[in-house]
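Chemist: Pasting a structure here, questions to come.
The values are calculated or read from the model by the stated rules, or taken from the named source; none is laboratory data. Treat the numbers as computed from the prediction; the structure is a model and nothing was measured. Glycine gets a Cβ as well: all are built from the backbone with ideal geometry, and neighbour counts include every protein chain shown.
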Amino acid sequence: MAKVKKAFFCRNCGYEAPKWIGRCPSCGEWNTFAEEIIAKASTASSAVAAHLPQSRPQTIAQIEEQVHKRIDLGNSEVNRVLGGGLVRGSLVLLGGEPGIGKSTLSLQLALAPHGLKVLYVSGEESPQQIKMRASRIGTANDNCLIYSETLLENIVAQIEEIQPDIVIIDSIQTVYTELIESSAGSVSQIRECAATLLKYAKSTGTSIFIIGHITKDGTIAGPKILEHIVDVVLQFEGDGNNVYRILRGIKNRFGATFEIGVFEMRNEGLIEVDNPSKILLSHYDEPLSGIAVGAAVDGIRPYLIETQSLVCNAAYGTPQRSTTGYDSRRMNMLLAVLEKRVGMKMFSKDVFLNFAGGFKIADTGMDLAIVAAVISSYFDKPLIEGVCCAGEIGLSGEVRPAQRTEQRVAEAARLGFKRIVISGYAPKLQQKSAGIEVVRIHSVSELAANIFERQTVVED
């Protein structure tokens with residue numbers, strides 16, 4: 001019998017230490033070490049290793065160059081985030097908060113009519129529970145097999161026997177291996193199971209989805225090294241009080257990162273949203289102050305979103321600054337610029353900021369739209385109809401070009417907007433968009449004249 005030893009692992013980054021220490025020397029976090037019982041390295045020969053194909057060293061000349069062939073998953077939004085489809089032999093991590101819809105999305109992918117053999121492994125639900133969800137979704141796929149198991153050795157054996165095209169494991173925190181004596185969900189278990197699945201995926205060309213839970217601070221539970229092991233990291237985001245969900249690519253070795261897919265949660269499951277701008281723009285009977293439309297870009301996908309702001313006199317001694325879906329520190333910076341460069345007395349005002357649809361915005365190209373909404377609410381004057389903004393604001397009040405300005409302009413023109421305000425320092429647009437007036441400004445002090453009244457400073 002192999003000798004068992006104890007070790008301490010950091011729950012944040014997976015750093016291993018022989019004894020407990022207060023601060024992790026790797027990530028710098030405090031009180032993250034937990035004791036785990038691990039087997040001696042001599043026990044490495046196990047049933048799992050027997051199922052894994054053996055590879056041989058090769059020279060560069062011997063390696064056959066292959067083009068990554070994409071697999072159509074039958075879901076356009078997921079295909080978009082993955083970069084055009086799923087690459088064979090890739091390991092994909094899908095993370096999200098409890099109840100956000102991770103299991104629903106993965107089951108829809110498994111039951112989609114794509115003609116692929118899928119093995120759906122569940123460590124949290126019984127086959128009867130999965131059957132109930134499948135009946136609610138209303139889809140069926142005879143090539144999808146349901147398997148309730150948590151032992152990694154049994155899972156690998158079933159994959160070897162069935163040889164599916166895609167494997168979905170829900171979730172990685174419930175899977176454990178007999179190699180390690182610690183409980184399922186521990187740092188060592190998650191790391192060992194993920195590494196084994198990665199090796200199997202690369203050796204056989206089997207694509208594997210693993211679902212990971214999210215902690216209170218919004219990070220994927222388990223060591224940070226889990227995100228380094230996998231090929232693709234997908235983050236499923238959304239507000240529990242809102243019907244819209246966002247699938248965001250955090251890491252992608254085969255495509256662009258920070259690409260997004262938008263879904264609507266209904267009783268029949270997650271419905272794809274092909275045009276996010278349509279759901280993020282509201283229509284009112286009469287113009288309202290404090291509302292501006294910004295042209296945003298997430299990844300390579302442009303969309304228009306409604307920005308809402310409320311500016312009022314401070315009821316207490318200290319003004320309130322509240323944001324939903326936006327960095328409050330950046331909003332404070334923009335308010336300071338308005339006070340310094342435009343002369344608006346923001347020091348005595350409460351400011352509240354919100355975005356339509358419960359979206360989280362990190363695009364600096366939305367600065368101009370946020371400032372426009374604040375100015376509109378400050379003077380209680382609505383913007384002219386059919387105007388939107390796209391630009392970044394610097395500390396000196398200059399308006400800098402937003403990334404992918406041309407795509408933003410094209411999206412605004414497609415949705416019927418009559419005017420878009422951009423940076424005067426942006427390069428000349430290569431393609432003219434019909435029906436939209438492109439106004440260039442160099443300073444934030446020029447913004448009010450172009451969103452409240454007509455001024456002819458158009459694209460040359």
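Chemist: Considering only the range 420-437, how many residues are surrounded by fewer than 21 Cβ atoms within 10 Å (Cβ to Cβ) and not in a loop (DSSP other than H, G, I, E, B)?
Modeler: Adding up the residues that qualify gives 1.
Chemist: Next question. Of the residues that sit in the range 294-327 and are out of contact with any helix residue (DSSP H, G or I) (no Cβ under 6 Å at 6 or more places or on another chain) and among the β-branched types (Val, Ile, Thr), which one is nearest to GLY255 (Cα to Cα)?
Modeler: ILE300
Chemist: Regarding SER182, is this residue assigned to a helix (DSSP H, G or I) and either touching a residue at least 60 places away in the same chain (Cβ under 8 Å) or of a type in the set (D, E, K, R) (or both)? Outline the logic, then answer.
Modeler: Values: assigned to a helix (DSSP H, G or I): no; either touching a residue at least 60 places away in the same chain (Cβ under 8 Å) or of a type in the set (D, E, K, R) (or both): yes.
Answer is no for this residue.
Chemist: To continue, here is another question. Do we find a residue being in a strand (DSSP E or B) and either at pLDDT 95 or above or not charged (D, E, K, R) (or both) anywhere in the range 96-116? Break it down stepwise before answering.
Modeler: First pass over the range 96-116, keeping only residues in a strand (DSSP E or B): 96.
Adding the requirement that they be either at pLDDT 95 or above or not charged (D, E, K, R) (or both) leaves 96.
The answer is yes; a qualifying residue exists.
Chemist: Let me ask something else about it. Of the numbered conditions (1) part of a loop (DSSP other than H, G, I, E, B); (2) of a type in the set (Val, Ile, Thr); (3) over 29 Å from ASN241 (Cα atoms), ILE361 fails exactly one; give the number of that condition.
Modeler: Here ILE361 clears every test but (3).
Chemist: A further question follows. Condition first: aliphatic (A, V, I, L, M) and surrounded by fewer than 13 Cβ atoms within 10 Å (Cβ to Cβ). Now tell me which residues in the range 302-317 satisfy that.
Modeler: The answer is ALA315, and nothing else.
Chemist: Here's another thing I want to ask about it. Can you tell which of ILE225, ILE214, ILE190 is in the same structural domain as GLY269 (by TED's automatic domain parsing) and either within 16 Å of GLU36 (Cα to Cα) or at pLDDT 85 or above (or both)? Explain how you work it out, then say what you get.
Modeler: Values: ILE225 fails: either within 16 Å of GLU36 (Cα to Cα) or at pLDDT 85 or above (or both); ILE214 fails: either within 16 Å of GLU36 (Cα to Cα) or at pLDDT 85 or above (or both).
Of the residues listed, the single one that is in the same structural domain as GLY269 (by TED's automatic domain parsing) and either within 16 Å of GLU36 (Cα to Cα) or at pLDDT 85 or above (or both) is ILE190.
Chemist: Step by step: first the residues of the range 371-408, then only those that are polar (S, T, N, Q) and in a helix (DSSP H, G or I), then the one that is surrounded by the fewest Cβ atoms within 10 Å (Cβ to Cβ). Which residue is that? Reasoning before the result, please.
Modeler: Just the residues of the range 371-408 that are polar (S, T, N, Q), to begin with: 376-377, 396, 403, 405, 407.
If we keep only those that are in a helix (DSSP H, G or I) too, we end up with 376-377, 405, 407.
Values: SER376: 24, SER377: 24, THR405: 22, GLN407: 16.
Looking at the filtered set, the residue picked out is GLN407.
Chemist: Among the residues of the range 157-180, how many are closer than 21 Å to LYS6 by Cα and surrounded by fewer than 18 Cβ atoms within 10 Å (Cβ to Cβ)?
Modeler: Initially, the range 157-180 is screened for residues closer than 21 Å to LYS6 by Cα, giving 173, 175-180.
Narrowing further to those that are surrounded by fewer than 18 Cβ atoms within 10 Å (Cβ to Cβ): 178.
Number satisfying all stated conditions: 1.
Chemist: Sticking with this structure for a sec: Look through ARG400, ARG419, ARG414 and report the one residue that is without any contact (Cβ under 8 Å) to a residue 60 or more places away in the chain and either of a type in the set (Phe, Trp, Tyr) or touching a Cys at 6+ places or on another chain (Cβ under 9 Å) (or both). It would help to see each step written out before you state the result.
Modeler: Values: ARG400 fails: either of a type in the set (Phe, Trp, Tyr) or touching a Cys at 6+ places or on another chain (Cβ under 9 Å) (or both); ARG414 fails: either of a type in the set (Phe, Trp, Tyr) or touching a Cys at 6+ places or on another chain (Cβ under 9 Å) (or both).
Step by step, each of ARG400, ARG419, ARG414 is checked, and only ARG419 is without any contact (Cβ under 8 Å) to a residue 60 or more places away in the chain and either of a type in the set (Phe, Trp, Tyr) or touching a Cys at 6+ places or on another chain (Cβ under 9 Å) (or both).
Yes/no matrix, rows are residues, columns are (1) hydrophobic (A, V, I, L, M, F, W, C); (2) out of contact with any Phe, Trp or Tyr (no Cβ under 8 Å at 6 or more places or on another chain); (3) farther than 23 Å from PRO401 by Cβ; (4) touching a residue at least 12 places away in the same chain (Cβ under 8 Å):
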residue: GLU272; (1), (2), (3), (4): no, no, yes, yes
residue: ALA292; (1), (2), (3), (4): yes, yes, no, yes
residue: GLU306; (1), (2), (3), (4): no, no, no, yes
residue: ARG329; (1), (2), (3), (4): no, yes, no, no
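Chemist: Next up: Inspect all residues belonging to the range 379-390 and state whether any of them is farther than 21 Å from TYR284 by Cα and touching a helix residue (DSSP H, G or I) at 6+ places or on another chain (Cβ under 9 Å).
Modeler: Residues of the range 379-390 that are farther than 21 Å from TYR284 by Cα, as a first pass: 390.
Okay, now just the ones that are also touching a helix residue (DSSP H, G or I) at 6+ places or on another chain (Cβ under 9 Å), so 390.
Checking the range 379-390: at least one residue is farther than 21 Å from TYR284 by Cα and touching a helix residue (DSSP H, G or I) at 6+ places or on another chain (Cβ under 9 Å).
Chemist: Still on this structure, please answer the following. Return the only residue of SER76, SER26 being at pLDDT below 85 and small (Gly, Ala, Ser). Don't jump to the end; show me each part of the working.
Modeler: On the way: SER76 fails: at pLDDT below 85.
After applying the criteria, what remains is SER26.
Chemist: Something else now. Please work out which one of (1) in contact with an Asp or Glu (Cβ under 7 Å, 6 or more places away or on another chain); (2) closer than 24 Å to ASP72 by Cα; (3) not small (Gly, Ala, Ser) is the condition ILE155 fails and give its number.
Modeler: (2)
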